[in-house]
Amino acid sequence: EPEVTQTPSHQVTQMGQEVILRCVPISNHLYFYWYRQILGQKVEFLVSFYNNEISEKSEIFDDQFSVERPDGSNFTLKIRSTKLEDSAMYFCASLRDSTDTQYFGPGTRLTVL
Amino acid sequence: AQRVTQPEKLLSVFKGAPVELKCNYSYSGSPELFWYVQYSRQRLQLLLRHISRESIKGFTADLNKGETSFHLKKPFAQEEDSAMYYCALRGTGANSKLTFGKGITLSVRP
């Protein structure tokens, strides 16, 4: 069964550095999402992406964040200048169509020192 | 605004005992409700959704619009049910986001 994949599984970075988290959604899916989960807290929506543009973003998704689908396969989340509070588990999800459910990747644990 | 409330953080039961994981929601329209499960060191995966009205792994959940609840139930818990369970809501719109509750850890003891 096809799965959403994410790389790396764990990323450690220094505060102020840029990071790019990568996701490969399921191949025939059209809608893409990023969520994050700070340790001990709930899974929070960051951004949704459809037809090569952002459909919705949360308050968390400020100017430091950006998403891209550069090659029709990967779906990336970039944090331009990481802060300590960006430390979290980041989940990618994809969806085939509006009647489908979201399929989640295994997550990338981001640690900002 | 949409909100999902899971009032308990942990439920610990013995094998064979009934389980009820509570979920209440707040949404002005007609939401779609889901339960996701996360087993140790695995990804979030869909357990069930209210529109399918299925029983998955012995779990059921009924949407009660009057009480705005979507409690997850299983009559006889098994050790392999031990996991983190998240209730989630999706609003109207083709690509609406999921709003999650805080999750509950279910621990089933032998």
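The values are calculated or read from the model by the stated rules, or taken from the named source; none is laboratory data. Computed from a predicted structure; not experimentally measured. All Cβ positions, even for glycine, are placed from backbone atoms using ideal geometry, and neighbour counts span all protein chains on display. Just the protein is used for accessible areas: all its heavy atoms, side chains included, with ligands, DNA and RNA removed. Shrake-Rupley method; radii C 1.70, N 1.55, O 1.52, S 1.80 Å.
If the condition is being out of contact with any strand residue (DSSP E or B) (no Cβ under 7 Å at 6 or more places or on another chain) and away from chain B (no Cβ under 14 Å), then region A:81-112 contributes A:Ser81, A:Glu85.
Determine, yes or no, whether B:Arg109 is open to solvent by 60 Å² or more (accessible area, probe 1.4 Å) and away from chain A (no Cβ under 11 Å). It is true that B:Arg109 is open to solvent by 60 Å² or more (accessible area, probe 1.4 Å) and away from chain A (no Cβ under 11 Å). Is there a residue in region A:27-34 that is open to solvent by 40 Å² or more (accessible area, probe 1.4 Å) and assigned to a strand (DSSP E or B)? No - not one qualifying residue is present in region A:27-34.
Being out of contact with any strand residue (DSSP E or B) (no Cβ under 7 Å at 6 or more places or on another chain) and either within 14 Å of chain B (Cβ to nearest Cβ) or not charged (D, E, K, R) (or both) is a description that does not apply to A:Asn74. The condition of being surrounded by fewer than 21 Cβ atoms within 10 Å (Cβ to Cβ) and touching a His at 6+ places or on another chain (Cβ under 6 Å) holds for only one of B:Lys22, B:Lys65, B:Lys102, that being B:Lys22.
Results for (1) open to solvent by less than 30 Å² (accessible area, probe 1.4 Å); (2) closer than 13 Å to B:Leu98 by Cβ; (3) modelled with pLDDT of 95 or more, shown as yes or no for each residue.
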{"site": "A:Glu53", "(1), (2), (3)": "no, no, no"}
{"site": "A:Ser73", "(1), (2), (3)": "no, no, no"}
{"site": "A:Lys83", "(1), (2), (3)": "no, no, yes"}
{"site": "A:Gln102", "(1), (2), (3)": "yes, yes, no"}
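With respect to (1) within 14 Å of another protein chain (Cβ to nearest Cβ); (2) crowded, with 16+ Cβ neighbours inside 10 Å; (3) charged (D, E, K, R), the lone exception for B:Lys74 is condition (1). Among the conditions (1) open to solvent by 30 Å² or more (accessible area, probe 1.4 Å); (2) under 22 Å from A:Ser94 (Cα atoms), the only one that B:Leu48 does not satisfy is (1).
Conditions: (1) in contact (Cβ under 8 Å) with a residue 24 or more places away in the chain; (2) out of contact with any Asp or Glu (no Cβ under 9 Å at 6 or more places or on another chain). B:Arg90 meets all but one. Number of the miss? Exception for B:Arg90: condition (2). The strands (runs of 3 or more DSSP E) located wholly in region B:20-101 that include 2 or more residues which are touching a strand residue (DSSP E or B) at 6+ places or on another chain (Cβ under 8 Å), closer than 11 Å to B:Val4 by Cβ and among the aliphatic types (A, V, I, L, M) occupy B:83-90.
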